[in-house]
1. For the chain, what does -39500 (n - 2.57) per DSSP helix run (n ≥ 4), summed and divided by total residues, give at 222 nm, in deg cm²/dmol to the nearest 500?
2. Using a basic spin-label model with each label point 7 Å from the Cα along Cα→Cβ, how many nm lie between D106 and F85?
3. So if each residue of separation counts as 0.36 nm, and I subtract the Cα-Cα distance between E12 and L154, what length gain in nm does that give?
4. Let me see the pair-distance distribution of the chain: every alpha carbon pair, 10 Å bin width, integer percents in order.
5. At 7 Å along Cα-to-Cβ for each site, give me the label-to-label distance between D162 and S121 in nm.
6. Give me the mean projected area, in nm² to one decimal, of the convex hull enclosing the Cα positions of the stretch 41-119.
7. Can you return the aspartates and glutamates within cross-link range of K105? Criterion is Cα-Cα under 19 Å, with same-chain partners fewer than 8 residues away left out.
8. Once R0 is set to 41 Å, what does the formula 1/(1 + (r/R0)^6) return for the Cβ-Cβ distance between T2 and F185, expressed as a FRET efficiency to the nearest 0.05?
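A short reminder: the numbers here are calculations on the coordinates, not readings from a lab. If you're wondering where the values come from, they're calculated on a predicted model, not measured in any experiment. All Cβ positions, even for glycine, are placed from backbone atoms using ideal geometry, and neighbour counts span all protein chains on display.
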Amino acid sequence: MTIRVLLADDQELLRFGFRMILSKEEDIEVVGEAQDGEKAIELATRLHPDVVLMDIRMPVIDGIAATRRIVATDPAARILAITTFDLDEYAFGALRAGASGFVLKDVRPSELVTAIRIVASGDAVVSPRITRRLLDEYAHLLLSANEGENGTRLALLLSLTDREREVLAVVAEGLSNAEIATRLFVSEATVKSHVGRILSKLGLRDRVQAVVLAYEVGLVRPGSGS
């Protein structure tokens, strides 16, 4: 299956470089390019790419706002953000807006290709541990952001069983399935089943979004756990 990619970056040279890298891959096709966030939203709506490679800092509409709009319109949309630093407020904003991960602007070609394939498969590029470090750093921003949405998310949280809430809290610590299995004295297959049901019930795409939600609703607190 061919992975259809939309490139969104205001630097033409960077788009050209990404296109050159991706054009060498038989399973990846660049279906469009956008020079700003507004154009990215328009093309994502019209072309329905499998992955949007989204620069965060763009004119007209920035990449964070564009990500939020695209995901709101199409919850299945997969966004891979492009950032300058791996632990900064822009990376934090991209994950909160619905991105499934981020890569640095100086990413190696092979790492970029791998990241796109991972996101297209439905997984997240950023590990839950990195997500947790980001959220610990910028958790103060969660207190004032999207307060209205938190009530809805808390209601969704109530749809989980006690065991599923327990698993979600451990997922938010950044633990792998194997580590969670050891912590909770269950099999890895059982953990995988729990995580799948959690994502389904909460309407989340991947573990990274589960970590974000756990922080937003106060299931875990900054600096708690491992």
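1. The helix-only estimate for the chain comes to -16000 deg cm²/dmol at 222 nm.
2. Placing both labels 7 Å along Cα→Cβ, they lie 1.4 nm apart.
3. Length difference between fully extended and current span is 46.9 nm.
4. Going out from 0 Å in 10 Å bins, the chain shows 8, 34, 35, 19, 5, 0 percent.
5. So the two model labels end up 3.6 nm from each other.
6. The orientation-averaged projected area of the Cα hull of the stretch 41-119 comes to 4.9 nm².
7. Partners found: D9, D10, E12, E33, D36, D55, D62, D86, D88, E89.
8. Calculated transfer efficiency: 0.40.
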